[in-house]
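Q: Please read through the structure below; I'll follow up with questions.
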Amino acid sequence: MGDKLRFAGPPLAVLFLLLLIWQGAVWLFELESWKLPGPVEIVREAWTIGPRLMEHTWATAQLAIIGFAAGAATGMLVAALLHLIPGARAALYPLLVLSQNIPTIVLYPLLMIWLGLGLLPKLVLIILVCFFPIAVAMLSGLSQRDPRLADYLAMIGAGKWRIFRDLELPGAVPYLFSGLKIAAAYSITGVIVAEWLGASRGIGYFIKLSYSGFLVTRVFAGVAIIVLLSLIVFGIIVAIERWFTRWQPRKEGK
Amino acid sequence: MHPALEVRGVTKSFGSGKKTLQVLGGMEVTVREGEFVSLIGPSGSGKTTLFQLIGGLEKPDSGEIRIGGRAVTGERGHIAYMPQQAALMPWRTITDNIVLALSIAGVPAEEARRQSMEWLPRIGLAGYESSYPHTLSGGMQQRVSFLRALLAPRDLMCLDEPFGALDALTRLQMQQWLLSIWEANRRSVLMVTHSIEEALLLSDRILVISASPATVIREVEVPFARPRSSDLWTDPQFNRWKQELYELLSSNSVLSVEDERSS
Ligand SMILES: Nc1ncnc2c1ncn2[C@@H]1O[C@H](COP(=O)(O)OP(=O)(O)OP(=O)(O)O)[C@@H](O)[C@H]1O
Ligand SMILES: [Mg+2]
């Protein structure tokens, strides 16, 4: 526990300092809140509209988590298939990269045209932005197997599936998690884009609404919630990663 | 009774066209049931390649490999194998590494777990059952690697320079340790080594092989009675044999100097 606090201490101190400077600047230069509200103002505003904000937050979090889970599953499956099917990786990998060059802001209206206004186009969008970093990270992990371990297993009679399950897959886990961390951040921005472009709830919708009413303080409240959500998801993934990679030697004090 | 291993006229080349490199030229190796045979030869002469052929990782260009009388050329999963580096999965505990190797060999997981629990204390690793490999020293890892080969229900054990990566002192301890375990269990073993002393201490028979293309140029029956004591090297006969093998190897310019301990 003491370890964790020491680990979280420095960034928290820096964050606190930045907020202090921000608030100080707002007071000192007497900035109007529709230009740049201070942290105190933002928190106060968020508090007064609390219940409504919580509803939007919950909607966003739900969508992000479901989308992220589906995207992670898709990414891992794609990586496993490209790795296991001979020739698939060489044939499909370039197309995979190409698919990432379509901006989400262009993609989402198309998805709405094809899939309607409901949950489905949003989920598809999040899966599309999530699966790529996961698939790429896991693919490179799968191909990094130690040839000495692979030769050893083959010599004692392990088949291709066995080598995948007991060597390549566990070896890919650390790589997979770096992909998952990136994808988690992507999934939340993906949800925001989807909610901004076509939804009647969620933080993305709330921010858009606040903009059109020039309620800058609420925009900032929305952004703060996005940051908080991202941090929580990131923290959860790091915790799971630590459990999965507990076999790795950890450097002291890091 | 069939020999544990017969390698008959096995040849193997790598590459093609001008770059063809013939590594094995008609290898003949026999390991009888319960016999300990050592292969000694120059670096790069194809000893590991021979193991890869016996293990089915590569296919010979010609010749035949029989294990326990059955033709198994190009088939995998008939040998217990101890590679030069310990080859332990870093994400598995010591016990789980042993369980993995045994379950590939067809032992049920529960039985494998029971055996490793029973054996780990016997090889001086009590208390390390659920440690990860990186917390063990090189010598301890090699012991796990050896135990994994010993417990696999296969008639033939192939050891590829089992102690090559260890320092001289640890190596000496490991040789004596292997000697006592082997004499109590009498498995059929084919072992590659660079050390003449190691071969004399452990084996029933020593095969000296030439530089590539490798063939067996000399076969030596080691005359020392078993059980052997660890101070065998004080025996004058031991030193005569050592001298003779040393001359044989160096006349074929096959010995790397680093491999001989000065004693
Ligand atoms: N897969 C391969 N492709 C091409 N050449 C190979 C391959 N495997 C081995 N060789 C070559 O075959 C020769 C014998 O290699 P091998 O590893 O069997 O030697 P070794 O006797 O085990 O040597 P050492 O004592 O140093 O371990 C070497 O020249 C090596 O370059
Ligand atoms: Mg070798």
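The values are calculated or read from the model by the stated rules, or taken from the named source; none is laboratory data. As the structure is a prediction and not an experimental result, all values here were calculated from the model. Counting neighbours? That spans all protein chains shown, and the Cβs are built from the backbone with ideal geometry, glycine included.
Q: Report, by residue number, each residue of region B:7-17 that is of a type outside the set (Val, Ile, Thr) and touching an Asp or Glu at 6+ places or on another chain (Cβ under 8 Å).
A: At the first step, the residues of region B:7-17 found to be of a type outside the set (Val, Ile, Thr) are B:8-9, B:12-17.
Result: B:8, B:9, B:12, B:13.
Q: Which of the residues that make up region B:1-56 are more than 16 Å from ligand 2 (Cβ to nearest atom), of a type in the set (A, V, I, L, M, F, W, C) and farther than 18 Å from residue B:70 by Cα?
A: Scanning region B:1-56 gives B:36, B:37.
Q: Can residue B:72 be described as more than 16 Å from ligand 2 (Cβ to nearest atom) and of a type in the set (A, V, I, L, M, F, W, C)? Write out each step before concluding.
A: Working: more than 16 Å from ligand 2 (Cβ to nearest atom): yes; of a type in the set (A, V, I, L, M, F, W, C): yes.
Considered against the rule, which asks whether it is more than 16 Å from ligand 2 (Cβ to nearest atom) and of a type in the set (A, V, I, L, M, F, W, C), residue B:72 comes out as yes.
Q: If the requirement is being part of a loop (DSSP other than H, G, I, E, B) and in contact (Cβ under 8 Å) with a residue 60 or more places away in the chain, which of these qualifies: A:246, A:201, A:218?
A: Details: A:246 fails: in contact (Cβ under 8 Å) with a residue 60 or more places away in the chain; A:218 fails: part of a loop (DSSP other than H, G, I, E, B).
Unique residue meeting the criteria: A:201.
Q: What do you reckon, is residue A:241 within 14 Å of another protein chain (Cβ to nearest Cβ) and over 17 Å from residue A:69 (Cα atoms)?
A: Working: within 14 Å of another protein chain (Cβ to nearest Cβ): yes; over 17 Å from residue A:69 (Cα atoms): no.
It is false that residue A:241 is within 14 Å of another protein chain (Cβ to nearest Cβ) and over 17 Å from residue A:69 (Cα atoms).
Q: Among the residues of region B:91-107, write down those that are within 11 Å of residue B:133 (Cβ to Cβ) and not polar (S, T, N, Q).
A: B:91, B:92, B:94, B:96
Q: Taking the criterion of being charged (D, E, K, R) and more than 21 Å from the chain's Cα centre (by Cα), would at least one residue in region B:123-131 satisfy it?
A: Step one: of region B:123-131, the residues charged (D, E, K, R) are B:129.
Narrowing the set further to residues that are more than 21 Å from the chain's Cα centre (by Cα) leaves B:129.
Yes, that holds for at least one residue.
Q: Please state which one of A:171, A:157 is within 30 Å of residue B:75 (Cα to Cα), within 14 Å of another protein chain (Cβ to nearest Cβ) and touching a Gly at 6+ places or on another chain (Cβ under 6 Å). Steps first, please.
A: Details: A:171 fails: touching a Gly at 6+ places or on another chain (Cβ under 6 Å).
Of the residues listed, the single one that is within 30 Å of residue B:75 (Cα to Cα), within 14 Å of another protein chain (Cβ to nearest Cβ) and touching a Gly at 6+ places or on another chain (Cβ under 6 Å) is A:157.
Each row is one residue, and each column tells you yes or no for (1) over 20 Å from the mean Cα position of the chain (by Cα); (2) more than 30 Å from residue A:142 (Cβ to Cβ); (3) surrounded by fewer than 20 Cβ atoms within 10 Å (Cβ to Cβ).
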| site | (1), (2), (3) |
| --- | --- |
| A:186 | no, no, no |
| A:207 | no, yes, no |
| A:212 | yes, yes, yes |
| A:223 | no, yes, yes |
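Q: Looking at region B:42-70, which of the residues that are charged (D, E, K, R) and more than 16 Å from ligand 1 (Cβ to nearest atom) is farthest from the other protein chains (Cβ to nearest Cβ)?
A: In the first step, residues of region B:42-70 are kept if they are charged (D, E, K, R); the result is B:47, B:58-59, B:61, B:64, B:66, B:70.
Then drop every residue that is not more than 16 Å from ligand 1 (Cβ to nearest atom), which leaves B:64, B:66, B:70.
Working: B:64: 19, B:66: 17, B:70: 15 Å.
Top of the filtered list is B:64.
Q: Ok, one more. Given the condition surrounded by fewer than 17 Cβ atoms within 10 Å (Cβ to Cβ), in the same structural domain as residue B:190 (by TED's automatic domain parsing) and within 18 Å of the chain's Cα centre (by Cα), answer yes or no: does some residue in region B:7-27 qualify?
A: No; the residues of region B:7-27 include none that is surrounded by fewer than 17 Cβ atoms within 10 Å (Cβ to Cβ), in the same structural domain as residue B:190 (by TED's automatic domain parsing) and within 18 Å of the chain's Cα centre (by Cα).
Q: Pull out all pairs, ordered by first then second residue, where Cβ-Cβ is under 6 Å, the residues are six or more apart or on different chains, the first lies in region B:71-94 and is within 8 Å of chain A (Cβ to nearest Cβ) and free of Cβ contacts under 8 Å to residues at least 12 places away in the same chain, and the second is of a type in the set (Gly, Ala, Ser) and crowded, with 23+ Cβ neighbours inside 10 Å.
A: Nothing qualifies.
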